[in-house]
1. I'd like the GluC sites (Glu not before Pro) in the range 115-198 restricted to DSSP loop residues with at most 12 other Cβ atoms within 10 Å, sorted by number.
2. How large a share of the accessible area of the range 115-158, in percent, is made up of carbon and sulfur atoms when the probe is 1.4 Å and the other protein chains stay in place?
3. Sort the following peptides by mean Cβ neighbour count (other Cβ atoms within 10 Å, averaged over residues), highest first: 198-204, 368-374.
4. Under 1.5 on a/c is rounded, so check that first for the range 260-306, then, if it is not, pick prolate when a/b is larger than b/c and oblate when it is not; a ≥ b ≥ c are the square roots of the alpha carbon gyration tensor eigenvalues.
5. Once the Cβ-Cβ distance between Thr396 and Lys77 is put in as r, and R0 is 30 Å, what FRET efficiency do you end up with, to the nearest 0.05?
6. Once a ≥ b ≥ c are taken as the square roots of the eigenvalues of the Cα gyration tensor of the range 121-268, is the result rounded (a/c under 1.5), prolate (a/b larger than b/c) or oblate (a/b not larger than b/c)?
7. What is the magnitude of the charge dipole of the range 73-144 about its Cα centre, with +1 placed on the Cβ of each Lys and Arg, -1 on the Cβ of each Asp and Glu, and no other charges, expressed in debye to the nearest 20?
8. Can you give the extra length, in nm with one decimal, that the chain gains between Thr262 and Glu165 once fully stretched, where that is 0.36 nm per residue apart less the Cα-Cα distance?
Amino acid sequence: MQFWQKTRAKLKSFRPGNLKKLSKKKKILIAVIILALIILSISLARCSRGEEPVMNEYIETVVQKGNVRDVITATGKVEFAQTMPLSFEVGGTIQEIMVKEGDVVDEGQPLMRLETATLEQALKEASENFESERSNYEQKIEGLERQLKSALIEAEKRLLNTKKEADPYYLENQYHLAELNVKAAGERLANAQSSGETDTYSLQVALSQAQLNLIDAKYRRDGGAAKELQLAQAEYEAALKAWQGFQKGVSPEYLSAKASLTASETKLVEAQENLNNAILKAPMAGTVVACEAELYSSVSEEKAVMSLVSDPNVFKVIASVDQTEISRITVGQKAEITLDTLPGELIAGTVAGVSLTGTDNHNVITYDITIDVDAPTTILRDRMNVNVAVILQQVTDVLVIPSQAVTSQDGTAGVLLPHEESGQAGESAGAGAEQAAQGAHTFVPIEIGLDDGTNVEVKSGLSEGQTILMPVFSLGEGGFHGPRPMGPGW
């Protein structure tokens with residue numbers, strides 16, 4: 001009912017002024033469509049009132065060899081099989097476009113160039129900064145080398161001297177000498193005091209110093225020298241490690257000096273790369289299929305300015321299939337692609353992908369399928385609208401009759417034969433074939449196979465060249481006349 005409401009709405013939208021603009025062929029076509037819709041509306045209205053189809057006559061048709069296919073049809077859009085968008089890695093103003101759409105290019109061929117004055121200035125500044133940092137780096141390294149080498153030599157001298165002073169015999173001798181010095185200093189002070197000397201300050205200081213030296217000698221003998229040796233050894237090892245790390249380029253001092261030079265070198269490399277990237281080159285051999293940029297226009301980095309394909313004659317088709325049919329489509333099924341402008345031209349394809357995500361368009365859910373065109377072709381073009389038929393099943397070179405010729409009797413599918421064909425029908429159907437005389441014709445059971453709604457495969461019961469009857473139905477007096485719409489059961 002909704003279909004007829006939409007149809008009436010479309011018919012109401014036509015105005016005499018609009019019809020005047022149409023060609024003569026289109027006017028005739030519209031008239032035929034309107035007449036057919038009116039007849040079909042009347043027929044459906046009679047059906048809705050309970051008027052059953054009535055068989056008025058038969059027409060003869062012949063069993064012949066042919067093909068039957070079960071297909072799902074859809075519309076789709078052509079795309080290049082693999083398009084590579086090209087973009088600059090830096091932004092700027094386009095100074096030169098060296099190719100045009102349709103040009104065949106080689107790998108590495110220049111395609112487009114940006115204005116480079118700003119990039120050249122940036123490269124000059126980065127180069128000058130790098131030279132300054134390199135000079136500072138060399139000075140830092142030379143000073144650091146002298147410093148670390150001198151520290152290592154001093155630490156080695158201290159270690160050798162400390163080892164000598166930590167010898168047990170040397171320490172015992174130093175302690176014995178310190179005892180003798182204390183004894184001698186005490187005797188000198190005592191003699192001076194007994195002789196009545198009043199100025200004995202220097203002798204007292206000498207005695208105190210001798211006593212301190214004795215304490216130090218005792219400390220060094222009893223473990224102090226060993227601790228000093230451990231400290232000197234640690235200092236030497238640290239100085240040696242720093243020197244070796246410097247020579248290997250892993251010391252903190254070296255890495256700190258190197259970091260500044262590396263940072264300036266990185267900026268120099270980036271400036272050079274930016275200048276090099278101002279020329280867009282073809283990453284592969286192929287054909288330019290689009291140029292989205294204009295001369296002297298500004299472009300940002302990563303914005304596509306040109307598109308390249310390896311072969312402009314290799315395509316794929318993206319088609320939309322209704323949710324009620326998508327479950328029957330699988331990868332690997334064959335498909336046929338046609339254009340309205342070339343209805344007799346069939347282009348072979350293969351289903352390469354079935355989308356898992358649907359699209360909702362006014363509550364109509366569809367799913368995209370991708371069909372690879374099997375062979376390069378010059379017929380298709382990018383963005384063309386095409387018709388697609390996905391082949392689900394097909395049989396070839398089999399016995400075929402019109403679907404409208406199949407009828408049924410007691411739930412058994414069969415066809416009607418003229419009386420003169422009855423004997424032959426009995427032989428074709430086999431000993432178990434049931435034939436029933438019906439006035440001017442005979443019913444013969446048959447085994448049917450694939451039915452595409454127009455033709456049906458006959459597996460058994462008939463032979464090639466045999467004549468059968470196809471009933472013509474009407475909806476009563478003044479109603480619609482024509483072949484019955486569908487196969488068995490009508």
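1. Glu197
2. Ligands and nucleic acids excluded, carbon and sulfur reach 45 percent.
3. Ranking, from highest mean packing down: 368-374, 198-204.
4. Taking the square roots of the gyration eigenvalues as a ≥ b ≥ c, the range 260-306 is prolate.
5. Result of the calculation: an efficiency of 0.50.
6. Cα axes put the range 121-268 in the prolate bin.
7. 280 debye
8. 30.2 nm
The values are calculated or read from the model by the stated rules, or taken from the named source; none is laboratory data. Note that this is a predicted model, so its numbers are computed, not measured. Cβ sites come from the backbone with ideal geometry, for glycine too, and all protein chains shown count toward neighbours. Remember, those area values only see protein heavy atoms, side chains included, never the ligands or the DNA or RNA. Shrake-Rupley method; radii C 1.70, N 1.55, O 1.52, S 1.80 Å.
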